[in-house]
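Laboratory data are not the source of any read-out in this text; all were calculated from the coordinates shown. What you see is a predicted model; the values in this text were computed from it and never measured. Every residue, glycine among them, receives a Cβ derived from its backbone with ideal geometry; neighbour counts consider all protein chains shown.
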Amino acid sequence: MVKRLGAEFRKRGMHGHLAPLRIYWLALQHGLVQAERHGLHVQLSEEMVVEWFKLLRLPPYERAYPVQPPGSACPRCPPRDGPALEVVTEQTFPEGRKVACLACRAAWLELEPTTRMGRGMDPSRKKA
């Protein structure tokens, strides 16, 4: 069916639909499609790849976002006597989350305590 649909897309000049269909075909061939509904959901762009580099603190973007303790107030907005300005979690990942201030749109990472020490450092290992 995928081959037939590709031929129809080509015949009808629907070239923008061919690339996603080819990716789906490759995913089927390599067993990367969800078994239940045979679905493949991929939305990637250069911008998204760069954002993941920033979130995971990979070079050369390891300092793209400041790191704050979990539950921090916005580091850019002035402190307030009343309730803190609202912040939202924009993205989560196993080691933490990206948080943004709704007032000024500043963004920072809140990392779990073990990852704040630095990538690849194991707190149980002692220097010799």
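Multiplying the residue separation of Phe93 and Leu5 by 0.36 nm and removing their Cα-Cα distance gives an extension gain of 28.0 nm. One entry in (1) 69; (2) 50; (3) 62 is percent of Cα pairs over 18 Å apart calculated from the shown coordinates; its label is (1). Counting only alpha carbon atoms, the long axis of helix 46-55 and the longest principal axis of the chain meet at about 30°. For the stretch 11-49, the set of GluC sites (Glu not before Pro) satisfying both a DSSP loop assignment and a count of at most 14 other C-beta atoms within 10 Å is given as Glu36.
Within the listed set Arg76, Arg57, Arg37, the residue fluctuating most in the Gaussian network model of the chain (springs between alpha-carbon atoms under 10 angstrom) is Arg37. Here is the short version for the chain: Cys104 have no other Cys C-beta closer than 4.7 Å. Between Leu18 and Leu58, the FRET efficiency estimated from the beta carbon spacing at R0 = 35 angstrom works out to 0.60. The C-alpha atoms of the chain define a longest principal axis, and helix 18-29 lies at about 90 degrees to it.
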